[in-house]
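Taking it in order: structure first as structure tokens, then the write-up.
The values are calculated or read from the model by the stated rules, or taken from the named source; none is laboratory data. Computed from a predicted structure; not experimentally measured. Reconstructed Cβ throughout: ideal geometry from the backbone, glycine too, with neighbour counts over all protein chains shown.
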Amino acid sequence: NKQVVLKNYATGFVKDSDFIIKTDSTMSLKVPESSSKGVLVKNFYLSCDPYLSFLLQKSDSSLEAQFSRFSLGSTINGFGVAKVVDSRHPKFEKGDLVWGITGWEEYSLIAEPDSLFKIEHTDVPLSHYTGLLGMPGLTAYGGLFEVCNPKKGEKVFVSAASGAVGQLVGQFAKLTGCHVVGSAGSREKCTHGSVLQNGHVLLSFHVWPLASFSVEIAFSISSITQDPVDLLKNKLGFDDAFNYKEEQGLDAALKRYFPEGIDIYFENVGGKMLDAVLLNMRMHGRIAVCGLISQYNLEKPEGLYNVASILFKRLRVEGFAVFDYLHLYPKFLDLVLPQIRAKKITYVEDIAEGLENGPAALVGLFSGRNVGKQVVLVARE
Ligand code: NDP
């Protein structure tokens, strides 16, 4: 059983060398008789999520109350998609497909599988249960609809817009009739248009009522071929998009894209972007604070200078966690499954092949190396 194990606690940015790949040759493919409700699963896909960086740090973090930190020598765990190969749990039987928390390894023994979701709909790619139909999808849905309450015609800005959560926030807002602008970075991954390279698969979709386009799924984390602006505008249906790393000033960029101001900001990055957004919000605007990835690995978070805008513009700024919305999962599926089947929502994934490439894929989130949802393929279905 090949496993990704924590070798060193991360200090600042997580590094490949914080992990080691080990093989446990003693693992049995049966749930031990001593376990009253364990399941043994074969992992297919693992999800690279920014929150994992908190759990890899030794220092105290505010998230510790909600997650338990990894200990040295332990196998990393996180969201994934798997198949049950043995079960002593009444809810699961051999052959069931599931998504939820599993190990970064080929096979995982899950002692308390109550938080696994059974996958009922298999006419969509299984990998989507790490993203579109999994935790990031519910995050986008809960954050946009429950926190921001978008209305037709409103101006919406999304940061980290080409990522797992952002690409869906933008599409959900478009479906609501909003005007949506996204920002994304990493100019080094910008070769305009879709260049098919080794290990890439090009899928054609019909998206939005009148447009058809192709989605490139990258099967190599090192060969990125898409311009995020092109991806956002021409492939995901955003009204506009900009590369924040190429702008002289974020305030000026936002004024250019939102001359009348922003009604809704879906915050994924924090720091300078949030500060510039505060200056450009409209009266009674709403900000859903989903994540602050630009701040996660800093020793000292950057300061905000424009918080007075919250007062003067009567803004509502609300943080949320996806766990607040787990009860909405069935309602969320009712909304998205028909949209996926009607090709009105699409999803871009960046799939790193092989468990041994998992650490590099995770590390890449913090430099923007991923184009779309970063997934690790452990084994084919
Ligand atoms: P993404 O797929 O968007 O990957 C992370 C992206 O963040 C990178 O590709 C990069 O995109 C961007 N990024 C990385 N470092 C920086 C930086 N210093 N400044 C600006 N942008 C940066 O990740 P997710 O969609 O999974 O997550 C997006 C956000 O949502 C994160 O903040 C995450 O923590 C949060 N989140 C919150 C949840 C909740 O329950 N509240 C649940 C899930 C996610 P680019 O090339 O555009 O710079």
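Here are a few things to note about the model shown:
- Applying the criterion of being in contact (Cβ under 8 Å) with a residue 40 or more places away in the chain and basic (Lys, Arg) to the residues of the range 251-292, the residue that is surrounded by the fewest Cβ atoms within 10 Å (Cβ to Cβ) is ARG282.
- Test for ILE340: is it among the aliphatic types (A, V, I, L, M) and within 17 Å of the chain's Cα centre (by Cα): no
- Screening the candidates SER25, SER61 for the property of being surrounded by 15 or more Cβ atoms within 10 Å (Cβ to Cβ) and modelled with pLDDT under 95 yields one hit, SER61.
- Against the test of being farther than 21 Å from TYR129 by Cα, within 11 Å of the ligand (Cβ to nearest atom) and modelled with pLDDT under 95, the options GLY303, GLY368 yield a single qualifying residue, GLY368.
Residue-by-condition table, conditions (1) out of contact with any strand residue (DSSP E or B) (no Cβ under 8 Å at 6 or more places or on another chain); (2) within 16 Å of the ligand (Cβ to nearest atom); (3) among the hydrophobic types (A, V, I, L, M, F, W, C):
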residue: GLU299; (1), (2), (3): yes, yes, no
residue: VAL307; (1), (2), (3): yes, no, yes
residue: VAL317; (1), (2), (3): no, yes, yes
residue: GLN339; (1), (2), (3): yes, no, no
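- First in the range 42-57 and touching a residue at least 60 places away in the same chain (Cβ under 8 Å), second anywhere and assigned to a strand (DSSP E or B) and hydroxyl-bearing (Ser, Thr, Tyr), Cβ under 9 Å, 6 or more apart: LYS42/TYR107; LYS42/SER108; ASN43/THR102; ASN43/TYR107; ASN43/SER108; LEU46/THR102
- When the range 77-100 is limited to residues that are small (Gly, Ala, Ser) and in a strand (DSSP E or B), the one that is farthest from LEU377 (Cα to Cα) turns out to be SER87.
- Odd one out for GLN295, checked against (1) surrounded by fewer than 21 Cβ atoms within 10 Å (Cβ to Cβ); (2) at pLDDT 95 or above: (2)
Yes or no, residue by residue, for (1) without any contact (Cβ under 8 Å) to a residue 60 or more places away in the chain; (2) of a type in the set (Ser, Thr, Tyr):
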residue	(1), (2)
GLY103	no, no
GLU106	no, no
GLU112	no, no
SER115	yes, yes
LYS118	yes, no
HIS121	no, no
LEU126	no, no
LEU132	no, no
GLY137	no, no
